[in-house]
Amino acid sequence: MRKSILILFSFFLISSLSAQQKRARDLGIPFRGTPGTYNAITDVKGIEVGHSTIIKGKGALKIGEGPARTGVIAVFPRGKKFSPVYANWYSLNGNGEMTGTTWLTESGFLETPIMITNTNSVGVVRDAVLKWYVDTNWYGDEKFWYTYPVVAETYDGELNDIYGFHVKEENVREAIEDAKPGPVKEGNVGGGTGMRTLGFKSGIGSSSRMVHVGENRYTLGVLVQSNFGTASHLTLAGVPIGLDLMHLPHNEFYGDPNTEGEGRDGSIIVIVATDAPLLPHQLKRIAQRIPLGINRTGGYGTNGSGDIFIAFSTANEGAFNREENVQVETVSNDIITPLFIATTHAVEEAIINSMVAAETLDGIHGNVIFELPEQEVEKVMKKYNRWLSPEVRDPRNWIQYTGIYGEAEEVEITLEENRFKFSMKDGDNSRHSYATPIAEDTFEVDYFPILLKFKRESGKVISIELNANGVEELRKN
């Protein structure tokens with residue numbers, strides 16, 4: 001059997017582009033799948049994200065005065081212009097709010113930015129967005145228009161004076177004006193400022209995946225405002241790490257709220273974006289896979305949780321037309337599965353990014369939620385042999401694998417910009433995907449059941465093993 005394999009690697013360190021903030025991969029957590037340049041929702045071209053963060057006051061709660069620990073986040077699918085995208089939504093457990101979803105389901109289009117804030121500020125954010133439309137002539141030359149802004153929420157009353165209504169119209173406009181492409185701020189920012197996830201401080205998190213579907217390459221990005229779960233359920237890359245961290249303090253509550261300690265419900269809002277050409281019914285299927293990623297971190301969709309999700313595609317830019325029929329492109333259902341898997345993996349990492357980036361924060365009555373303890377995380381991941389050293393995850397060290405493998409030169413390994421790409425030809429068939437390191441000298445091919453193991457002799461790489469329903473070893477020439 002003649003095989004041709006091309007593996008391309010990247011020198012680019014994802015974390016170095018992320019505004020120098022701490023991220024989960026920096027802790028050596030072996031996530032599955034290959035991220036884009038920023039490892040964020042903004043890897044999908046055209047998407048812009050902005051925040052307005054409100055942190056003021058300390059000490060006892062005085063309703064209307066503070067302390068305030070809250071904010072707003074804005075996500076524009078195609079920048080600050082009226083350009084509707086195909087979209088759909090899904091709720092795992094509906095104890096929460098996302099406005100505008102009735103017409104979104106009916107029409108199949110998202111016509112507005114997506115805003116996320118705290119539970120009691122949904123109304124003011126919605127109204128402020130409508131005012132911004134009027135002031136900026138959002139609908140252009142259309143004299144008659146109507147729209148239903150999409151605004152979602154999670155509860156931040158453990159730290160925030162949530163009944164003081166601190167989010168104002170100017171905060172909404174600040175988030176909108178702040179929206180831009182590039183690295184996404186994470187942790188204690190925007191609507192995520194006062195949030196807690198799986199026992200520890202959290203907030204906003206993002207991640208992305210590069211996906212090959214047939215002969216095409218697509219990007220899928222995720223953004224979360226995360227505020228759910230209990231510490232004992234925390235799971236990192238399959239490791240039940242929450243049980244190993246139970247001896248550490250997660251929070252301290254000295255006053256309201258009554259829902260203190262373990263057993264709380266909370267909520268999570270998830271946005272999935274992709275440049276893959278998907279129709280609304282397919283985006284519903286994408287949204288329905290989001291809970292699988294949440295469960296990988298330790299979420300179960302409890303009774304009091306508002307687990308509400310939205311997915312959209314930036315492809316088919318000319319699809320929205322009020323007067324004429326249009327032709328659109330779509331991915332075949334029979335080859336859509338890699339996008340389902342990418343959704344699951346990106347949601348998992350975005351949630352953990354929201355925790356790693358967040359810092360210990362106090363709020364009303366001096367209540368405190370502690371950040372995830374990095375040194376303890378590393379210790380436990382090593383205990384379970386699920387930790388990647390800086391050397392293993394640094395693409396600059398992958399040059400040692402380059403070369404030609406096999407008597408008939410069946411395998412070629414080269415270094416190229418950005419990422420580790422896997423292509424295999426077997427007769428008339430071909431496979432294309434990326435791959436990620438999961439251990440020393442070991443790489444998993446994304447979305448295909450193939451494991452690559454490099455073997456050494458006297459410290460030098462001498463062969464590659466293809467593990468896929470058996471083992472085939474090809475020596476390095």
### Task
Could you calculate the contour length gain from Val328 to Lys62, that is, 0.36 nm times the residue separation minus the distance between their Cα atoms, to one decimal place in nm?
90.3 nm
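What does the extension gain come out to for Glu457 and Ile404, with contour length at 0.36 nm per residue minus their alpha carbon separation?
17.4 nm
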### Task
Beyond 32 Å between alpha-carbons counts as too far, so tell me which of Lys168/Lys379; Lys22/Lys168; Lys201/Lys284; Lys382/Lys455; Lys56/Lys131; Lys201/Lys421 fall in that bin.
Lys168/Lys379; Lys201/Lys421
## Note on the structure
Ordered by fewest other Cβ atoms within 10 Å, a rough proxy for footprinting exposure, Glu323, Glu169 read Glu323, Glu169
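Assigning unit charges at the beta carbon (Lys, Arg +1; Asp, Glu -1) and nothing else, what dipole magnitude in debye, to the nearest 20, does the chain show about its Cα centre?
Dipole size: approximately 560 debye.
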### Task
Output the relative contact order of the chain, whole-number percent, from Cα pairs under 8 angstrom with separation of 6+ residues.
24 percent
### Task
Please arrange Ile351, Ile73, Ile404, Ile29 by counting, for each residue, the other beta carbons lying within 10 Å of its beta carbon, fewest first.
Ile404, Ile29, Ile351, Ile73
### Query
Toward the positive end of the charge dipole of the chain, about the Cα centre and with charges on Cβ (Lys, Arg +1; Asp, Glu -1), which of Gly96, Phe200, Leu236 goes farthest?
Leu236
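To make sure I understand, if each residue's beta carbon is the centre and we count other beta carbons within 10 Å, what order do Thr117, Thr101, Thr112 fall in, fewest to most?
Values: Thr117 31, Thr101 20, Thr112 23.
If I rank by nearby Cβ atoms, fewest first, I get Thr101, Thr112, Thr117.
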#### Entry: Straight-distance crosslink candidates among aspartates and glutamates, where the alpha carbon sits under 14 Å from Lys383 and sequence neighbours closer than 8 are dropped
Asp244
### Summary
Here, Glu215 and Val134, labelled 7 Å along Cα→Cβ, have an inter-label distance in nm of 5.2 nm
### Query
Applying 1/(1 + (r/R0)^6) with R0 = 45 Å to the Cβ-Cβ distance of Ile336 and Thr360, what FRET efficiency is obtained, to the nearest 0.05?
0.60
## Note on the structure
Taking 465-476, 330-341, 446-457, 363-374 and ranking on average Cβ neighbours within 10 Å, highest first, one gets 363-374, 446-457, 330-341, 465-476
### Query
Rounded to the nearest 20 Debye, what is the dipole magnitude of the stretch 78-208 about its Cα centre when Lys and Arg each give +1 and Asp and Glu each give -1 at the C-beta?
300 debye
### Task
May I ask for the distance between the Cα centers of the stretch 62-108 and the stretch 339-358, given as a whole number of Å?
19 Å
### Message
Could you derive backbone 3J(HN,Hα) for the stretch 461-477 from the dihedral phi with the Karplus parameters 6.51, -1.76 and 1.60 (θ = phi - 60°), listing whole Hz in sequence and x where the residue is Gly or Pro?
### Response
5, 10, 7, 10, 9, 9, 9, 7, 6, x, 10, 10, 9, 10, 7, 7, 7
#### Entry: Packing rank of 38-47, 291-300, where each peptide gets the mean count of other beta carbons within 10 Å, highest leading
38-47, 291-300
### Query
Across the stretch 62-73, in residue order, what do the Karplus-derived ³J(HN,Hα) couplings come to in whole Hz, using 6.51 cos²θ - 1.76 cosθ + 1.60 with θ = phi - 60° and x for Gly and Pro?
10, 4, x, 10, x, x, 10, 9, 7, x, 9, 10
### Query
Between Ser423 and Asn467, what FRET efficiency follows from the Cβ-Cβ distance if R0 is 30 Å, with the result rounded to 0.05?
0.95
### Using alpha carbons only: equivalent-ellipsoid semi-axes of the stretch 14-123, gyration tensor based, whole Å
27, 25, 15
### Message
Suppose only helical runs count, i.e. DSSP H with n ≥ 4. What mean residue ellipticity at 222 nm does that imply for the chain under -39500 (n - 2.57) per run, divided by all residues and rounded to the nearest 500 deg cm²/dmol?
### Response
-5500 deg cm²/dmol
#### Entry: Fraction of beta bridges assigned by DSSP in the chain that are antiparallel (%, nearest 5)
80 percent
### Message
Going Cα to Cα from Lys45, which lysines come in below 19 Å? Please leave out same-chain ones fewer than 8 positions away.
### Response
Lys80, Lys81, Lys180, Lys185
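Taking the Cα centre of the stretch 144-214 as origin, work out the dipole magnitude from +1 charges on Lys and Arg Cβ and -1 charges on Asp and Glu Cβ, in debye rounded to 20.
My answer is approximately 360 debye.
Any read-out appearing in this document is the output of simple, stated calculations on the displayed coordinates, not a laboratory observation. If you're wondering where the values come from, they're calculated on a predicted model, not measured in any experiment. Reconstructed Cβ throughout: ideal geometry from the backbone, glycine too, with neighbour counts over all protein chains shown.
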